[in-house]
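Chemist: One structure, as structure tokens, below. Some questions next.
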Amino acid sequence: MTDLYAYLAERTDEPDPDRRALSGGWIPSRPAASVEALAIDVAQTVRLTRNYFGPLRVSLWPQQDDEPHPISRFEPAPAHAEAYEYGAVPNHRPPA
């Protein structure tokens, strides 16, 4: 099992690749959690910290010792990354 996963969270509604990245970093693996569960955690955290509720892609891959910080890569996630797409979250309140 990998100790850390690198992740890159990107907007999927932005046509300019230089403006897609919302967040990048590392997330520790959890013994009973799947990679998709980690992706959901990342998506929820990014949505709340960035106040962004539009469509989102979270890519995760095993962290390599010599790899730079994921968001400093200025390139897409590597081909071996597992990517999960999440649709926009409704952010309006129902009428009272």
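The values are calculated or read from the model by the stated rules, or taken from the named source; none is laboratory data. Just so you know, these numbers come straight off a predicted model, no measurement behind them. No Cβ is skipped: glycine too gets one built from the backbone with ideal geometry, and neighbour counts run over all protein chains shown. The protein model used for the area step is the full one, side chains on, heavy atoms only, and it has no ligands, DNA or RNA in it. Shrake-Rupley method; radii C 1.70, N 1.55, O 1.52, S 1.80 Å.
Chemist: So for segment 54-62 (the condition being part of a helix (DSSP H, G or I) and under 9 Å from the mean Cα position of the chain (by Cα)), does at least one residue qualify?
Modeler: The answer is no; no qualifying residue exists.
Chemist: Restricting attention to segment 53-64, which residues are surrounded by fewer than 19 Cβ atoms within 10 Å (Cβ to Cβ) and either at pLDDT 85 or above or of a type outside the set (S, T, N, Q) (or both)?
Modeler: 53, 54, 55, 62
Chemist: Report, ordered by the first and then the second residue, all pairs with beta carbons closer than 6 Å, sequence separation of six or more or different chains, a first member in segment 30-44 that is free of Cβ contacts under 8 Å to residues at least 24 places away in the same chain, and a second member that is surrounded by 17 or more Cβ atoms within 10 Å (Cβ to Cβ).
Modeler: none
Chemist: Check segment 65-77 and report whether any residue there is modelled with pLDDT of 75 or more and buried (at least 16 other Cβ atoms within 10 Å of the Cβ).
Modeler: Yes, segment 65-77 has at least one match.
Chemist: Hey, can you tell me all the residues within segment 1-52 that are part of a loop (DSSP other than H, G, I, E, B), hydrophobic (A, V, I, L, M, F, W, C) and more than 16 Å from residue 81 (Cα to Cα)?
Modeler: 32, 33 - these are the residues of segment 1-52 that are part of a loop (DSSP other than H, G, I, E, B), hydrophobic (A, V, I, L, M, F, W, C) and more than 16 Å from residue 81 (Cα to Cα).
Chemist: Residue by residue through segment 29-47, note down the ones that are open to solvent by less than 70 Å² (accessible area, probe 1.4 Å) and among the acidic types (Asp, Glu).
Modeler: 41, the sole residue that qualifies.
Chemist: Where residues in segment 1-13 are among the hydrophobic types (A, V, I, L, M, F, W, C) and touching a strand residue (DSSP E or B) at 6+ places or on another chain (Cβ under 9 Å), which of them is most open to solvent (accessible area, probe 1.4 Å)?
Modeler: 4
Chemist: Sort out which residues of segment 14-28 are in contact (Cβ under 8 Å) with a residue 24 or more places away in the chain, surrounded by 11 or more Cβ atoms within 10 Å (Cβ to Cβ) and out of contact with any Leu (no Cβ under 7 Å at 6 or more places or on another chain), and write them in order of number.
Modeler: Passing the criteria: 17, 22, 23, 25.
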